[in-house]
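Working notes, structure below.
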Amino acid sequence: MINILYEDNHLLVVVKPANMAVNLDSSNDLDLLTYLKQYLKEKYQKPNNVYLGLVHRLDRPVAGIMVFAKTSKAAGRLAKDMQSNLFKKEYLAVICGNCKDKDTLTDYLKKDRKTNMVSTSNSKEGKLASLQIGRAHV
């Protein structure tokens, strides 16, 4: 079962579980988009296909919050917001071991289009990425 955080006429916000693909891949495992379309079809008793716009992705191993558009108009607006950098993404990593209380790691990410994999690059080829490290005290 997928945890639904928010739903209205335009948006569906859910928690994507770790190790679930966002959309269909070669594994043919149940993906989040298919699951949510079926959820909407059953909830609203829709006889035909259901529209659900995928406006961003998370890698299969990653768990996190995802926003889907329930209308094409909402999908267009969300896509525009993402292109304008109005859509903010934050990542939280749980690590074992010791790290500085605060630090920033900076690297360049380069995508290999043939393998669809991203790796770090020492040169300034690729997209600049920075990671702010802050120790959470519990």
Residue selected from region 17-37 under the condition over 13 Å from the mean Cα position of the chain (by Cα) and in contact (Cβ under 8 Å) with a residue 12 or more places away in the chain, by the criterion least open to solvent (accessible area, probe 1.4 Å): Leu36
Residue check for Ala129: within 30 Å of Asn9 (Cα to Cα), touching a strand residue (DSSP E or B) at 6+ places or on another chain (Cβ under 8 Å) and of a type outside the set (Ser, Thr, Tyr): no
Residues (exposed (fewer than 10 other Cβ atoms within 10 Å of the Cβ) and touching a Lys or Arg at 6+ places or on another chain (Cβ under 6 Å)) located in region 84-114: Asp101
Any chance Leu105 is of a type outside the set (Val, Ile, Thr) and either within 20 Å of the chain's Cα centre (by Cα) or in a loop (DSSP other than H, G, I, E, B) (or both): no
Residues (open to solvent by 100 Å² or more (accessible area, probe 1.4 Å) and modelled with pLDDT of 95 or more) located in region 47-60: Tyr51
Evaluation of Lys43 against (1) surrounded by 15 or more Cβ atoms within 10 Å (Cβ to Cβ); (2) at pLDDT 95 or above (one fails), failing number: (1)
Some residue of region 61-83 being farther than 21 Å from Thr34 by Cβ, of a type in the set (S, T, N, Q), assigned to a loop (DSSP other than H, G, I, E, B) and open to solvent by 90 Å² or more (accessible area, probe 1.4 Å): no
Counted residues, region 24-38 - those being out of contact with any strand residue (DSSP E or B) (no Cβ under 8 Å at 6 or more places or on another chain) and assigned to a helix (DSSP H, G or I): 4
Residue in region 41-73 that is nearest to Val118 (Cα to Cα), counting only those that are touching a Phe, Trp or Tyr at 6+ places or on another chain (Cβ under 9 Å) and of a type in the set (A, V, I, L, M, F, W, C): Val62
Pairs where the first residue, in region 65-88, is free of Cβ contacts under 8 Å to residues at least 12 places away in the same chain and the second is assigned to a helix (DSSP H, G or I), C-beta under 8 Å, 6+ apart: none
First in region 1-15 and farther than 11 Å from Phe68 by Cβ, second anywhere and of a type in the set (Gly, Ala, Ser) and at pLDDT below 95, Cβ under 8 Å, 6 or more apart: Val15/Ala63; Val15/Gly64
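The values are calculated or read from the model by the stated rules, or taken from the named source; none is laboratory data. The structure presented is a predicted model; accordingly, all values stated were derived computationally and were not measured. Positions of Cβ are generated from backbone atoms using ideal geometry, with glycine treated the same way; all protein chains shown enter the neighbour counts. Note: accessible area is taken over every heavy atom of the protein model, side chains too, but ligands, DNA and RNA are not part of it. Shrake-Rupley method; radii C 1.70, N 1.55, O 1.52, S 1.80 Å.
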